[in-house]
Amino acid sequence: MKIKEIYETMSYGPAPESADEAIQFLESHKREFKLFINGKWVKPSSNEYFETINPCTKEVLAKISEANETDVNKAVTAAKKALPEWVSIGPHKRARYLYALARQIQKHSRLFAVLESLDNGKPIRETRDIDIPIVARHFYHHAGWAQLRDTELKDYKEVGVIGQIIPWNFPLMMLAWKIAPAIAMGNTVVLKPAEYTPLTALLFAEICQQIGLPNGVVNIITGHGKTGATLVDHKEVNKIAFTGSTEVGKIIRRATAGTGKKLSLELGGKSPFIVFEDADLDSVVEGVVDAIWFNQGQVCCAGSRLLVQESIADKLYKKIKARMETLRIGNALDKSIDMGAVVAKVQLKIITDLVKQGVDEGSTLWQPSWTCPKVGYYYPPTLFTDVTPSSTIAQEEIFGPVLVAMSFRSHKEAVKLANNTRYGLACSIWTENINLALDIAPQIKAGTAWINCTNVFDAAAGFGGYRESGFGREGGIEGLYEYLKPKVDDLLSDKPIKVAKKTAAKPNSNGQPNGIDRTTKMYIGGKQARPDGGYSTVIKSENGDYLGEVSKGNRKDIRNAVEAAHLNSSWEGKTGHAKAQVLYYIAENLAIRREEFADRIVQMTNQNMASALEEVDVSIDRIYYYAAMADKYDGKVHHTIHRNVTLAMPEAIGVMGIICPNESSLLGFISTVIPAIAMGNNVVVVPSENMPFSATDFYQILETSDVPAGTVNIVTGSKDELSQVLAKHDDVDGIWYFGTKEGSKNIELLSADNMKRTWVNYGKHRNWLDKTQGEGTTFLRKASQIKNIWIPYGE
Ligand code: NDP
């Protein structure tokens, strides 16, 4: 094409980036990569290899080792061996290594960018200008956190050996998001890249060698899903961090249940991109391009559901179509293309099949008039209109360049449509009215809310999901907790803490009622409720004395309680100050009845009055603590690198199930229920099974303290039975369990269906009287989740 012709058509000529250095890197390994274990390149025990290809050309780039169980063992052993030294060198030396990694990545940034584009098929423009700068920034930022660990996070310590499994859509970026915080906090890692895109991880291994990172701190093992599963199952791995499909996330949740392994999951999404009628539509169009055609739509937080206010829908669709017509698709190394190839043939088929299903289900398909290159795995940008909210393409993650559009009339409807998904990774809100944007952002169930922007990331801001998009955060201080454990956890005991007994305790063997002689009801939706089954359970004291009876709650009672909790929408929306007022009121009312509650404890436990009074007094003190924290456990404004104010706000989890410890009948109840409601959750509580009367007496306190109906619901009965119903319930968002090891395992197993946030004790006991074990910000953190709201500023 002549310059004059180019000038006349204004079309782009090819602008290829050279692949020479990347090819040289591949050749330096003779295009056959070993595993990186203990700082060395090691042949796979199986001697089996698989190929990685360039999806734009289908050319084989290299052969990659298939790690089997023996190799996984070797890598985990190396990481375990490296751990003590890595911990003992301290924050500053670790910071220096992270800083060196950042520098080295920056120095080789173009090589990384080219290699990533070759292996993944994504445009060089994106790897060069987005992926790799974010990777370097991540290591710099976490070099800082490494330095600060023992001062800023002094109550915490490293978790140990971390198994990390990453996907193919942002290979090096996902590596950085996993490795940087892990090693900064003093852990060692074994990382498995995705089978389609292992090359930049292997180049990163070379960088680790170059900077002299101690052997075994980072190990990279390549392979398929089976290699990942072996890593997940390995007994010496203390935590799994996974990014990938919700399906595999659930498999991993179940596989790690009851093992005590820490777990963070960053899974799929179907994120809403909401456009209000006053939005700047030209900016919106560019936003849409970034939301769904960035990385060919293979982005977990892609704005794949376009929700447009009806009054502007047709105008916006017209503009989007015009823009789609001008998008350029082609070889990833061409600097002037907008879209490259999708990662693999199987991915292309998934996209094609789902698009066909969209057409079959009656939605209207639109694609640009141009055609894709014939050789690689290309798929054109695609827009669906006339989509119904329940259709497959509106619900399923397509993970390709396919946008589905729906319209709404009112703000309320926009929120409803946005939340009509099992996922909750991100949302993007477009309006020129900041009041409206900030009103909508907290109402969307998602871990990130971008206002008038989309797909912006930074190491200083946490990223992660609500609901089935997984749990845990990556980035920001909130992400560090995923790689730390409270030091106090080492003090938890295998046996319940003993309480001081009455000196002259005599068993009352005549079986006669001893003081209580009544049957308590349950407490649901602010009212005392009879059990659905009509049964009650006899409660005896530790001496075998008959104390009274409690209602035997069943599945139906739990369902009623969950429904009541959902019906109460007022509590979460209250200000911290308003919640604090209610909590203080609870404490005041408990203080008035101090002796009565202590008496009840004495009746149930036969402990002496002084220690019972201590339990009541600590309970009152604890309610004061959480009342005080209700408006002080607040968020942060993160210093992200873009021109953004990034608000990290702790939000309620939603409806939580709380299964109280059996011991410390009053204090165990207070220590778990009060922090949960202080953060705005509505709770369904199963109190101590053998000593439920402290909780049932508490109804009167709740009734007289302005606690809204449905905020605290109490169902008495069998802990095992009721906790399982709660763990399986799809409308319960989180669950805390303080009971047996076996019970903890069941909770983690059963919670996988809707990916509840779980906190279980694996049979360990806390001394609830001890502030360091029974109170603190750990409880508040577990009762909330961080939403990062990005608000851009400037022209
Ligand atoms: P997977 O979830 O299968 O893969 C992610 C990673 O997990 C890969 O390293 C994979 O290995 C590994 N893996 C697979 N099975 C297991 C297992 N049982 N135990 C441990 N690790 C395992 O995603 P896919 O690559 O198969 O993509 C499928 C779909 O997942 C996509 O269409 C998309 O919808 C979604 N996805 C979401 C991502 C996100 O960021 N949220 C990222 C990637 C995909 P291997 O590569 O060898 O299979």
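The values are calculated or read from the model by the stated rules, or taken from the named source; none is laboratory data. Fair warning: this is a prediction, and the values are worked out from it, not measured in the lab. Ideal geometry is used to build each Cβ from the backbone, glycine not excepted, and the neighbour counts take in all protein chains shown.
Couple of notes before you dig in:
- When the stretch 210-258 is limited to residues that are of a type outside the set (Val, Ile, Thr) and in contact with a Ser or Thr (Cβ under 7 Å, 6 or more places away or on another chain), the one that is nearest to the ligand (Cβ to nearest atom) turns out to be ALA241.
Residue-wise test of (1) modelled with pLDDT of 95 or more; (2) of a type in the set (A, V, I, L, M); (3) surrounded by fewer than 24 Cβ atoms within 10 Å (Cβ to Cβ); (4) in a loop (DSSP other than H, G, I, E, B).
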site: ALA676; (1), (2), (3), (4): yes, yes, no, no
site: ALA695; (1), (2), (3), (4): yes, yes, no, no
site: ASN713; (1), (2), (3), (4): yes, no, no, no
site: GLY717; (1), (2), (3), (4): yes, no, no, yes
site: LEU726; (1), (2), (3), (4): yes, yes, no, no
site: ASP730; (1), (2), (3), (4): yes, no, yes, yes
site: GLU742; (1), (2), (3), (4): yes, no, yes, no
site: ASN746; (1), (2), (3), (4): yes, no, yes, no
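- Strands (runs of 3 or more DSSP E) wholly inside the stretch 306-409 containing at least 3 residues that are modelled with pLDDT of 95 or more and buried (at least 17 other Cβ atoms within 10 Å of the Cβ): 382-385, 402-408
- Remark: VAL684 falls outside the filter, which requires a residue to be over 24 Å from ARG559 (Cα atoms) and either at pLDDT 95 or above or surrounded by fewer than 24 Cβ atoms within 10 Å (Cβ to Cβ) (or both).
- Scanning the stretch 126-179 for residues that are of a type in the set (Val, Ile, Thr) and either under 21 Å from the mean Cα position of the chain (by Cα) or within 11 Å of the ligand (Cβ to nearest atom) (or both) turns up ILE134, VAL135, VAL159, VAL161, ILE162, ILE165, ILE166, ILE179.
- Hey, THR127 touching a Phe, Trp or Tyr at 6+ places or on another chain (Cβ under 6 Å), over 25 Å from PRO84 (Cα atoms) and not aromatic (Phe, Trp, Tyr) or not: no
- Meets criteria (modelled with pLDDT of 95 or more, away from the ligand (no atom under 13 Å from the Cβ) and of a type in the set (Phe, Trp, Tyr)) for TYR483: yes
- When every residue of the stretch 175-190 is checked against the conditions, none turns out to be at pLDDT 95 or above, closer than 13 Å to VAL72 by Cβ and part of a loop (DSSP other than H, G, I, E, B).
- Residues in the stretch 535-560 that are modelled with pLDDT of 95 or more and assigned to a loop (DSSP other than H, G, I, E, B) were compared, and the one that is surrounded by the most Cβ atoms within 10 Å (Cβ to Cβ) is GLY553.
- In the stretch 187-209, the residues that are within 16 Å of LEU115 (Cβ to Cβ) and within 14 Å of the ligand (Cβ to nearest atom) form no Cβ pair under 9 Å with any partner that is in a loop (DSSP other than H, G, I, E, B) and modelled with pLDDT under 95, whether six or more places apart or across chains.
- Selection within the stretch 277-305 - assigned to a loop (DSSP other than H, G, I, E, B) and more than 10 Å from the ligand (Cβ to nearest atom): GLU277, ASP278, ALA279, ASP280, GLY303, SER304
- Pair list, Cβ under 7 Å, 6 or more apart: the stretch 232-260 residue in contact (Cβ under 8 Å) with a residue 12 or more places away in the chain, other residue part of a strand (DSSP E or B) and near the ligand (Cβ under 8 Å from one of its atoms): PHE242/ILE165; THR243/GLU266; GLY244/ILE165; GLY249/PHE242; ILE252/PHE242
- Where strands (runs of 3 or more DSSP E) sit wholly within the stretch 616-667, those with at least 1 residues that are within 28 Å of ASN568 (Cβ to Cβ) and in contact with a helix residue (DSSP H, G or I) (Cβ under 9 Å, 6 or more places away or on another chain) occupy 644-652, 655-659.
- Of the residues making up the stretch 307-326, none is in contact (Cβ under 8 Å) with a residue 60 or more places away in the chain and closer than 30 Å to PRO181 by Cβ.
- Filtered residues of the stretch 191-229 (kept if part of a helix (DSSP H, G or I), polar (S, T, N, Q) and closer than 18 Å to ALA82 by Cβ): GLN209, GLN210
- Matching residues in the stretch 433-486 - criterion: being charged (D, E, K, R) and over 17 Å from the mean Cα position of the chain (by Cα): ASP439
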